[in-house]
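Peer 1: Dropping a structure here in structure tokens format, bear with me for questions.
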Amino acid sequence: MAKLSQPLSIFVIAAIGPRIIQKLKKVETVGCIGINKKLFFLGKVSLFASFILIHVQLRVGNLLLFSKNDDFFWIGIALVGIGVMFFALAILKLGTFSLRVGLAQANTALRTTGIYRLSRNPMLFGLYLMALGSAVYVQNPINWMLVIIALAIHHKIILAEEVFMENRFGEQWIEYRNNVRRYI
């Protein structure tokens, strides 16, 4: 269990740190969720648990269904790394250190430049890549189910967000949606 304390601490800091900064800056942290709250949080917990399993596999091992394979390790690491890059670039482009849960209720601007020229959802696309990296690296049916649940629910979240965006931004959103893919 001592082997798990360091990565678990990092995850706790990564999850709570941004919320503290947002509170200090008085940035909205919880908006309208757009889908059933229980389903929403199931998606978040599934995603988080899948990421935890990466660290469990790294520290403890013995989670793999198949024999250990360096190719799967490096493919998983590459997916996670590219996912982190998309996620980080998306956050930086938002400009408010926003890791808001749900849809903003305050007036916001539609982001269409930078990483948002490539994807309407670069933050979630990054999370998808990280989750897929977890599924490739931690070859375990429990992890695969967590990833499938997380991806399915997050896709449902995106569909609800798109309705919200069209209502909020109208023609500007429609033009953007017609020119930029949902994921990549």
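Peer 1: Expressed in nm to one decimal, what extension gain is obtained for the pair TYR183 and ALA78 from 0.36 nm per residue of sequence separation less their Cα-Cα distance? Walk me through the numbers on the way to the answer.
Peer 2: Values: separation 105, 0.36 × 105 = 37.80 nm, distance 1.80 nm.
Length gained between TYR183 and ALA78: 36.0 nm.
Peer 1: What full-extension length gain, to one decimal in nm, is calculated for ALA88 and ARG168 as 0.36 nm per residue of separation minus the Cα-Cα distance?
Peer 2: Length gained, ALA88 through ARG168: 26.3 nm.
Peer 1: Please order HIS155, HIS55 by the number of other Cβ within 10 Å, starting at the fewest.
Peer 2: Ranked by crowding around the Cβ, least crowded first: HIS155, HIS55.
Peer 1: With θ set to phi - 60°, apply the Karplus curve 6.51 cos²θ - 1.76 cosθ + 1.60 along segment 68-76 and write out the HN-Hα couplings as whole Hz, x wherever there is a Gly or Pro.
Peer 2: Rounded to whole hertz, the list is 4, 9, 4, 4, 5, 4, 6, 5, x.
Peer 1: Now, a different point. Stretch LEU64-PHE41 to full length: gain in nm at 0.36 nm per residue minus the Cα-Cα span?
Peer 2: Stretched out fully, the LEU64 to PHE41 stretch lengthens by 5.6 nm.
Peer 1: What ranking of THR113, THR108 emerges when the number of other C-beta atoms within 10 Å of each C-beta is taken as an exposure proxy, fewest first?
Peer 2: THR113, THR108
Quick note: the coordinates plus some simple rules give every number you see, no bench work behind them. Because the structure is a prediction, the values reported are computed rather than measured. Please note: Cβ atoms are built from the backbone with ideal geometry, for glycine as well, and neighbour counts cover all protein chains shown.
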